[in-house]
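Peer 1: Here it is, the structure, as structure tokens.
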Amino acid sequence: MKSIPGIGLSDVQKVYSGPEGELWELVMGEQIHIGGFVSSMDLAEKAQIRQGMKGVDLCCCNGAGMRFLVRFRGVAKMTGVDATPKVIEHGRRRCADEGLADRIEFVHADVCDTGLPSECADFVWGEDAWCYVVDKPKLIAEAARLVHPGGVVAFTDWVEGPTGLTDAEAERFLRFMKFPNVQNIQGYSQLLADNGCHVALAEDTGRFPVYVDLYLDMLNKQLTYDALKIIGFDMALLEAMGKEMMFMRELAHARKIMQAIFVAPKTR
Ligand SMILES: C[S@@+](CC[C@H](N)C(=O)[O-])C[C@H]1O[C@@H](n2cnc3c(N)ncnc32)[C@H](O)[C@@H]1O
């Protein structure tokens, strides 16, 4: 696993409390993960998320993934855990506006220590967010603790691809994204197995290259003014961010980074 020093939870909270988080939502929509609805439906299908289930979304942000699960999979009850008060506030408001507040609750906590009861969920859910978490072993142990035997841990995440990042590439990518580290498929699979989960699926979704092209196109061809407005019309900053996005595009096309999907039933 590639790591860099000096990035922690407070950096992530700053991102999602300010303009950077707003920029991600401008480009990706309410569901801040690669593939939006398509990716959520794919994960739900593969994890067999069904009517009446109870789930926990770790790093739920504004709760768009939970609203998707309640609306489109008939999930009975979702509990979302996030460490950034601002996104929770937005999430509660959106759930209330959409009449879903009785089925979706938010907990303000670090996902490594949620305070939720053991085996309270049929499934634990995560979408492109666990890359922000410093302590991956603690995170996976917490996810497995929350699911009852027979339940499932299901998530997508940004991981290092088979080509591998050089140290310099990892430093530049992780610092731009405010990720303290980046796992790979083998690393996550080992952690899941260590915590009593059978890794039924762990693979590249193949989405990253296509979607990073789309995001760059949106920023360069349609949403430039809106993006500039969010960052106080700072042209130099937008250009600098564009450069880092182009660098990320190169990494994705070279399969040095990718979006991976994991479905891991808990067996014991
Ligand atoms: C990319 S957003 C999540 C997107 C969301 N899963 C979706 O699909 O729309 C990342 C979120 O992770 C949260 N986060 C990062 N590290 C965390 C931690 N250790 N504990 C709780 N939340 C964390 C941030 O506050 C932020 O809201």
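Every read-out reported here was derived from the displayed coordinates using simple, explicitly stated rules and does not represent laboratory data. Worth saying up front: this structure is predicted, and the values here are computed from it rather than measured. For neighbour counting, all protein chains shown are included, and Cβ atoms are generated from backbone atoms with ideal geometry for every residue, glycine included.
Peer 1: With everything on Cα atoms, drop me the angle between helix 235-253 and the longest principal axis of the chain, reported from 0 to 90° to the nearest 10.
Peer 2: 60 degrees
Peer 1: Subtract the Cα-Cα distance of Val134 and Arg50 from 0.36 nm times their separation in residues, and report this length gain in nm to one decimal.
Peer 2: Difference between extended and current length: 27.1 nm.
Peer 1: Report the label-to-label distance for Glu119 and Phe233 in nanometres (one decimal), using points 7 Å from each Cα along the Cα→Cβ vector.
Peer 2: Going by the 7 Å Cα→Cβ label model, 6.1 nm.
Peer 1: Given H placed on each backbone N at 1.01 Å, which residues far from Val107 in sequence or on other chains put an amide H within less than 5 Å of it?
Peer 2: Here Gly80, Val81, Asp82 satisfy the definition.
Peer 1: Send over the semi-axes of the range 166-268's equivalent ellipsoid, whole angstrom and largest first, taken as the square roots of 5 times the C-alpha gyration tensor eigenvalues. Let's see the in-between values first.
Peer 2: Working: eigenvalues 221, 43, 33 Å².
Gyration-tensor ellipsoid for the range 166-268: 33, 15, 13 Å.
Peer 1: If each residue's Cβ is checked for other Cβ atoms within 10 Å, how do Ile88, Ile257 rank with the fewest at the top?
Peer 2: Ile88, Ile257
Peer 1: Additional query: Report D for the range 2-265 in µm² per second (integer): Stokes-Einstein, Kirkwood Rh on Cα pairs, 37 °C, 0.692 mPa s.
Peer 2: Working: Rh = 18.6 Å.
In µm²/s, the coefficient rounds to 176.
Peer 1: How do His90, His108 rank when sorted from fewest to most other Cβ atoms within 10 Å of their own Cβ?
Peer 2: His108, His90
Peer 1: Order these by the 10 Å Cβ neighbour count, fewest first: Ser3, Ser118, Ser40.
Peer 2: With the sparsest Cβ surroundings first, the list reads Ser118, Ser3, Ser40.
Peer 1: To continue, here is another question. Between the helical axis of 19-28 and the dominant principal axis of the chain, each derived from Cα atoms, what acute angle in degrees is found, rounded to the nearest 10?
Peer 2: 80 degrees
Peer 1: With everything on Cα atoms, drop me the angle between helix 208-221 and the longest principal axis of the chain, reported from 0 to 90° to the nearest 10.
Peer 2: 50 degrees
Peer 1: Suppose we keep just the DSSP beta bridges with both residues in the chain; what percent of those would be antiparallel, to 5?
Peer 2: If we restrict to bridges inside the chain, about 45 percent are antiparallel.
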